[in-house]
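Worksheet for the structure shown next.
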Amino acid sequence: MLILLKIATMSFLDQIDNIKLPQHIAIIMDGNGRWAKQKGKLRVFGHQNGVKAVREALEGCVKANIKFLTLYAFSAENWNRPKLEVMALMELLVTSLKKEIKTFQENGVRLNVIGDITKLPSNAQRKLQETIEATKENTHCTLTLALSYSSRQEIVDAARNLAQQVKDGKLNADEINDELFAANLYTQNLPDPDLLIRTSGELRISNFLLWQIAYSELCFLDKMWPEFTKEDLFKSIVEYQQRERRFGKTSEQL
Ligand code: IPE
Ligand code: IPE
Ligand code: MG
């Protein structure tokens, strides 16, 4: 009886194998609008409640000792949403950064950003820079927010950068390889994600980290983002650890 009770209350955290931890988890945080609609509320209500789930994901990563967490918060394509929704999201970014700085410092979280943040309102850019600066010495976990992010644009930028170096005579075209290309992406200081999670039941990538997820394990959850908890993160890590990553080899070779 006692054993049954113990199993019932066991967290997926206890099932995580600390030797096979993913180094980097990326999440497509999707489903805020539908979650709100199901409740008869406005989409913005979903975004507001999505902030709690961000905290869950971040604290879960800190607990499980995950070194890199990357969150898709706003895509380049999301600029095409109704103006009011975009404005509400930008405001939410600023208020959340103000509030969460405490969580970052307490948990040793360093903030990083990828994407074209010059498109963001100036108060959001300022707050991001301030928070990046204030957390730059933290070493426990790197939280990267993808904002105004397009993976295709990132790849185009890298190609343009390399082409310019060739044109300037600083680089030979035949020196361009995987490694050099990756070093010209916005994610140059991050390892590739081992695990990519998307909530909301949608089975697509939506222009996120196309180069970097070449060999990531994909995990699609039916839950909407505001319902995401630490346990969902731990459970996904356990599922990840049950997969066999072969990188083109046979099982026998591993
Ligand atoms: C994810 O939720 C948040 C952002 C893209 C900013 P959505 O707003 O996409 O919610 P759904 O997918 O419409 O339900
Ligand atoms: C992807 O979600 C972008 C973010 C989670 C920020 P979307 O809701 O914008 O993706 P699509 O349009 O359904 O593919
Ligand atoms: Mg969506």
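The values are calculated or read from the model by the stated rules, or taken from the named source; none is laboratory data. The structure displayed is predicted, hence computed values, not measured ones. Ideal geometry is used to build each Cβ from the backbone, glycine not excepted, and the neighbour counts take in all protein chains shown. Side chains are part of the model used for accessible areas, which takes the heavy atoms of the whole protein and leaves out ligands, DNA and RNA. Shrake-Rupley method; radii C 1.70, N 1.55, O 1.52, S 1.80 Å.
Roughly speaking, what is the stretch gain from Thr103 to Ala159, that is 0.36 nm per residue apart minus the C-alpha to C-alpha distance, in nm to one decimal?
16.4 nm
Under the classification rounded if a/c is under 1.5, otherwise prolate if a/b is larger than b/c and oblate if not, where does the stretch 4-117 fall, given a ≥ b ≥ c as square roots of the Cα gyration tensor eigenvalues?
Prolate is the answer for the stretch 4-117, as a/c is 1.5 or above and a/b outweighs b/c.
Given contacts defined as C-alpha pairs under 8 Å and at least six residues apart, what's the relative contact order of the chain, whole-number percent?
30
Whole number in Å², please: accessible area per residue of the stretch 95-223, 1.4 Å probe, ligands, DNA and RNA not counted.
54
Could you please state how large a percent of the accessible area of the chain is carbon and sulfur, counting protein chains only and using a 1.4 Å probe?
Carbon and sulfur: 53 percent of the exposed surface of the chain.
Over the stretch 83-138, calculate the relative contact order: mean separation of alpha carbon pairs under 8 Å at least 6 apart, over the residue count, as a percent. Intermediate values should be presented prior to the final figure.
Numbers: 35 pairs, mean separation 25.2, N = 56.
For the stretch 83-138, the relative contact order is 45 percent.
Please work out the Kirkwood hydrodynamic radius for the chain, using every pair of different C-alpha atoms, and report it in angstroms with one decimal place.
19.6
Apply the Karplus parameterisation 6.51 cos²θ - 1.76 cosθ + 1.60, with θ equal to phi minus 60°, to every residue of the stretch 83-96 and state each ³J(HN,Hα) to the nearest whole Hz, in sequence, with x for glycine and proline.
3, 5, 5, 4, 4, 5, 5, 5, 4, 4, 4, 5, 5, 5
Which percent of Cα pairs goes in each bin when the distances of the stretch 141-205 are cut into 5 angstrom slices starting at zero?
That works out to 3, 13, 20, 22, 16, 11, 8, 4, 2, 0, in percent per bin.
Taking the chain as a Gaussian network, Cα atoms linked when under 10 Å apart, which of Ala214, Ala124, Ala26 shows the biggest mean-square fluctuation?
Residue with maximal mean-square fluctuation among Ala214, Ala124, Ala26: Ala214.
In 5 Å bins starting at zero, report the fraction of Cα pairs in the stretch 97-172 per bin as a rounded %.
Histogramming the stretch 97-172 at 5 Å steps yields 3, 14, 19, 17, 14, 13, 10, 6, 2, 1 percent.
Only Cα pairs within less than 10 Å get springs; with that Gaussian network setup on the chain, which residue of Glu137, Glu179, Glu56 has the largest fluctuation?
For the chain, modelled as a Gaussian network with Cα springs under 10 Å, the answer is Glu179.
Taking just the alpha carbons, could you work out the radius of gyration and Dmax for the stretch 113-254, both in angstroms?
Values for the stretch 113-254 (Cα only, Rg and Dmax): 18.2, 55 Å.
Once you've got the Cα coordinates, tell me which of Lys98/Lys223; Lys41/Lys99; Lys39/Lys136; Lys127/Lys170 are over 32 Å apart. List each step's numbers first, then the result.
On the way: Lys98/Lys223 28 Å; Lys41/Lys99 24 Å; Lys39/Lys136 39 Å; Lys127/Lys170 36 Å.
From Lys98/Lys223; Lys41/Lys99; Lys39/Lys136; Lys127/Lys170, over 32 Å: Lys39/Lys136; Lys127/Lys170.
If you build a Gaussian network model of the chain, linking Cα atoms that sit under 10 Å apart, which residue out of Ile205, Ile176, Ile114 swings the most?
Sorting by GNM fluctuation, first place goes to Ile176.
Where Lys and Arg each count +1 and Asp and Glu each count -1, what net charge lies around Arg152 among other residues with Cβ under 15 Å from its Cβ?
Values: positive: Arg160, Arg204; negative: Glu77, Asp116, Glu154, Asp157.
With Lys, Arg at +1 and Asp, Glu at -1, the neighbours total -2.
At 20 °C and 1.002 mPa s, grab the translational diffusion coefficient of the stretch 84-128 from Stokes-Einstein with a Kirkwood Rh over Cα pairs, rounded to a whole number in µm² per second.
Numbers: Rh = 11.4 Å.
Taking Rh from Cα pairs, D becomes 188 µm²/s.
Mind running the shape call on the stretch 17-61? Use the C-alpha gyration tensor, a ≥ b ≥ c as the square roots of the eigenvalues: rounded below 1.5 for a/c, prolate if a/b tops b/c, oblate otherwise.
prolate
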